[in-house]
Amino acid sequence: MASPNLESLLATLASNDVEFIVVGLLAAVAQGAPVTTHDLDIVHRRTPENIARILDVLLNKLDARHRGRQDVLRPTAEILAGPGHSLLQTNAGPLDVLGAIEGGRDYDALLPTSRRIEISGHPVYVLDLATLIDLKRSSPRLKDQMVLPLLEETLRQSGR
């Protein structure tokens, strides 16, 4: 499998007016954290218009299909309208499309704790480091606990 091109994946979503917030480690990378990631995690706005835009991008530009299946299962508007997670493989790399994250927080709930940055000339929202740290701190996953010191140090050094 080819190496993921997460910047291209972000730019494709943003250039097609998909409303989303980067919520995984790529949000930390974008804010200067010295960590790596191999996938893109986003929470998308679940309005009918945005679901139509993201579905068009997923199917027609990114060749998205659900990961870990023998058969090819494509995302649908019905699935994207719910709060669940769609774990996808695209032609630019792995993409996790989340309707909501911990505590049922959806796009509108997360937007006030997000920062706007530019990727390839397009505005993109990323979850701020303090909120990302709070999410990782409450996670039972070892990989989330292991990255916490790096995220906390990045936040301290940024002065935010």
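Just so you know, all these numbers are worked out from the coordinates, no wet-lab data involved. In this text the structure is predicted, and so the values were computed from the model without any measurement. Using ideal geometry, Cβ is built from the backbone for each residue, glycine included, and neighbour counts are taken over all protein chains shown.
Here are a few things to note about the model shown:
- Between Thr131, Thr90, Thr36, the residue with the greatest mean-square fluctuation in the GNM of the chain (Cα pairs under 10 Å linked by springs) is Thr36.
- DSSP H segments from the chain that extend 24 Å or more along their own axis, Cα-based, with Kyte-Doolittle mean of -1.0 or above: 142-158
- Dimensionless Rg/Rh of the chain - Kirkwood Rh, Rg from C-alpha atoms: 0.95
- The ranking of Asp39, Asp17 from fewest to most other beta carbons within 10 Å of each one's beta carbon is Asp17, Asp39.
- Taking N as its residue count, the alpha carbon Rg of the stretch 90-160 over 2.2 N^0.38 Å: 1.23
- Span from the the stretch 100-117 Cα centroid across to the the stretch 17-52 one, whole angstrom: 10 Å
- Globularity ratio of the stretch 12-64, using Cα Rg and 2.2 N^0.38 Å: 1.24
- Cα-centred dipole magnitude for the chain, charges only on beta-carbon of K, R (+1) and D, E (-1), debye, nearest 20: 220 debye
- Sorted by Cβ density within 10 Å, fewest first, the residues Val22, Val29: Val29, Val22
- Most positive-pole-ward Cα, Gly84, Pro112, Pro34, against dipole of the chain from beta carbon charges: Pro34
- Fluctuation leader among Gly32, Gly24, Gly121 - the chain, Gaussian network, Cα springs under 10 angstrom: Gly121
- Cα-based convex hull volume of the stretch 1-90 per residue, rounded to whole Å³: 103 Å³
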